[in-house]
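The values are calculated or read from the model by the stated rules, or taken from the named source; none is laboratory data. All values reported here derive from a predicted model rather than from experimental measurement. Note that each Cβ is placed from the backbone with ideal geometry, even for glycine, and that neighbours are counted across all protein chains shown.
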Amino acid sequence: MKKQEIGRSETTSDTAAVRNTLIADIARWAINREEFTTPIPGLFFYHHDNPTEPSFGLYDPSICLVVQGAKTVHIENETFIYDANNYLLTSVHLPTTYQVISASPEEPYLGLVLKFDMKELSQLMIDCNAPSPHTKQIEHGMATSEVTLPLLSPFQRLVSLLDEPESIPILAPTIHKEILYRLLVGEQGARLRMIASAGSRSHQVARTIDWLKGNFSEQLRVEDLADMAHMSASSFHSHFRSMTSLSPLQYQKHLRLQEARRLMLAEHLDATTAAFRVGYESSSQFSREYSRLFGAPPLRDVAKLRQESVVTVN
């Protein structure tokens, strides 16, 4: 066997070994629960014994890693599929529809999410003297790439810290930084550098997305967002859609409706109160747009979600 073939074989074997360790660890910590918030800041585990129905939610800037099974994420007309061989990178806050598509009791879906802050990336770019991207083209805020051993290994070391909690405050930030570094120098590095580079169009649009996430209940004028991004309204609208697949108004609508759904489900608000809380002035408009996004009127949708939750618990 040639040296190159031997090297590839060893790398494949090492990757499988690291992945198997992660499978065992995530299964151990997330047993009997679909989501486990770990003591490590920003790290979450997910476990499903069966494929799931489509769900709606906001993906934060993060890397999503699947060690067993597969998942899809939809944004408007775009679909991203990720599994044990491909990770999902999200560089801005994005409203999505997601679904576990491969899982069984014998081989459950097991995955993790590590959230990160763009300020961390900006500082890391300075620390490692990472070059600014040459292209000015706005990149989409979500992408998939191949999982490599240099990226998988620090994840395994990060997860192993759960068995020595006293080491988490000291070692977890260092490993977290290593993972971000691997992303910066990897296939998606240019995408992240554009978001993290102050003054770039991607960075300017990302700043407005952060603002929208915290102020979605306010009345929105695209011209004001464009001013915030130091762009013309038409240019901002085009760049915003390139990054999110949504117009600014559609983006705001998704955030409002998802928050209203959460308020009705978690805080037991009625539909009218939830609608006004998230910024709607018309309850009938809220009901129409809610039904269009979630497939059922608010009361019926929330009742179904509560019933599904009871079935899952039982």
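Structure above, values below:
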read-out: Within the stretch 181-219, tally of residues that are farther than 14 Å from Leu124 by Cβ, at pLDDT below 90 and of a type in the set (Ser, Thr, Tyr); value: 2
read-out: Among the candidates Ser217, Ser247, Ser200, residue that is within 22 Å of Leu58 (Cα to Cα) and in contact (Cβ under 8 Å) with a residue 60 or more places away in the chain; value: Ser217
read-out: Residue count, the stretch 98-117 (criterion: modelled with pLDDT under 95 and either surrounded by fewer than 18 Cβ atoms within 10 Å (Cβ to Cβ) or assigned by TED's automatic domain parsing to the domain that holds Gly214 (or both)); value: 1
read-out: Residue under evaluation Thr79, criteria (1) surrounded by fewer than 16 Cβ atoms within 10 Å (Cβ to Cβ); (2) in contact with a strand residue (DSSP E or B) (Cβ under 8 Å, 6 or more places away or on another chain); (3) among the hydroxyl-bearing types (Ser, Thr, Tyr); (4) over 16 Å from His140 (Cβ atoms), criterion not met; value: (4)
read-out: Helices (runs of 4 or more DSSP H) fully within the stretch 134-224 counting 3 or more residues that are out of contact with any Ser or Thr (no Cβ under 7 Å at 6 or more places or on another chain) and of a type in the set (Gly, Ala, Ser); value: 201-215
read-out: Residue ID - surrounded by the fewest Cβ atoms within 10 Å (Cβ to Cβ), chosen from residues in the stretch 12-61 that are polar (S, T, N, Q), closer than 17 Å to Val159 by Cα and at pLDDT 95 or above; value: Thr37
read-out: Subset of the stretch 206-223 (residues that are surrounded by 15 or more Cβ atoms within 10 Å (Cβ to Cβ) and of a type outside the set (Phe, Trp, Tyr)); value: Ala206, Arg207, Thr208, Ile209, Leu212, Lys213, Ser217, Leu220, Val222
read-out: Single residue of the stretch 59-84 satisfying the filter (in contact (Cβ under 8 Å) with a residue 12 or more places away in the chain and of a type in the set (Ser, Thr, Tyr)) that is farthest from Arg191 (Cα to Cα); value: Thr72
read-out: Test: residue in the stretch 228-250 that is under 24 Å from Leu305 (Cα atoms), within 18 Å of the chain's Cα centre (by Cα), part of a helix (DSSP H, G or I) and not hydroxyl-bearing (Ser, Thr, Tyr); value: no
read-out: Only listed residue being among the aliphatic types (A, V, I, L, M), surrounded by 13 or more Cβ atoms within 10 Å (Cβ to Cβ) and closer than 16 Å to Lys304 by Cα, chosen from Ala260, Ala274, Ala266; value: Ala260
